[in-house]
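Beneath this line is the structure, given in structure tokens, with notes to follow.
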Amino acid sequence: MIFLTVGTHEPFDRLVQAMDKWCEAHPDHPPVFGQITAPIETAYRPQHFKWVDRLTPTEFADQFARASLIVSHAGMGTIISALQLGKPVVVMPRRGHLGETRNDHQFATANQLATRPGICVAVDEGQLGHCINRTLAHLTDANAPQISEFADNRFTSALRDFILASQK
């Protein structure tokens, strides 16, 4: 199953529409379920996959755990959750100049993470289908490596040294 999530703050019509078009073009696709955060009537409503506006935290965790692929905005919470569970993730960042977020922080995040194993970045809706197809084709390969819920020892040591040095 593919789980689409756009975050909890506001709709992300560009991603939802691109996912819906991909589903329409690939009628034999794996089942898709989306949390689309569409509380306003003008938000796009998909026609080719099942969706809800919002999930409870328990429902979200269940959908996330059952998914073989996560498709999402470039929110760090979703990306980290996917990597912790070893789930491949396709991300498409919200863009500030399109009014989807306050600035291009998601675009910057996606650019920084684009070379990490298990993450495919679609910089726009035109690349989303390619990322999904490529990721699905490799699901039988080793999935994304799991990351620890704890920071790397090198990071915590450097942070500790920095803090202790600043206290002198």
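Rounded to the nearest 10 degrees, the inclination of helix 125-137 to the longest alpha-carbon principal axis of the chain is 80 degrees.
If you place +1 on the Cβ of every Lys and Arg and -1 on the Cβ of every Asp and Glu, how big does the dipole about the Cα centre of the range 2-166 come out, in debye to the nearest 20? Can you show the working numbers first?
Details: 14 positive and 17 negative charges, 49 e Å.
Using Cβ point charges on Lys, Arg, Asp and Glu, the range 2-166 gives about 240 debye.
Out of GLY86, ILE132, LEU15, whose Cα points farthest toward the positive end of the dipole of the chain (charges: +1 Lys, Arg; -1 Asp, Glu; placed on Cβ)? Working it through, the farthest residue towards the positive pole turns out to be GLY86. Cysteines in the chain that lack a partner Cβ within the 4.7 Å cut-off: CYS23.
At 222 nm, what value in deg cm²/dmol follows for the chain if DSSP H runs of at least 4 each add -39500 (n - 2.57) and the sum is divided by all its residues, to the nearest 500? Mind dumping the intermediate values first?
Details: 6 runs with 69 residues, N = 168.
That comes out to -12500 deg cm²/dmol.
Of the labelled figures [x] 30, 19, 15; [y] 72, 21, 11; [z] 32, 16, 14, only one reflects semi-axes √(5λ) of the Cα gyration tensor in Å as derived from the coordinates, namely [x]. Taking the C-alpha atoms only, the angle from helix 153-166 to the longest principal axis of the chain is near 50 degrees.
Annotation: lysines with alpha-carbon distance below 30 angstrom to LYS50 (same-chain offsets under eight excluded): LYS21, LYS87. As a length-normalised measure over Cα pairs under 8 Å and 6 or more apart, the relative contact order of the chain settles at 21 percent.
Read the figures in this text as sums done on the coordinates, not as results from a lab. Not measured: the values here are computed from a predicted model. Every residue, glycine among them, receives a Cβ derived from its backbone with ideal geometry; neighbour counts consider all protein chains shown.
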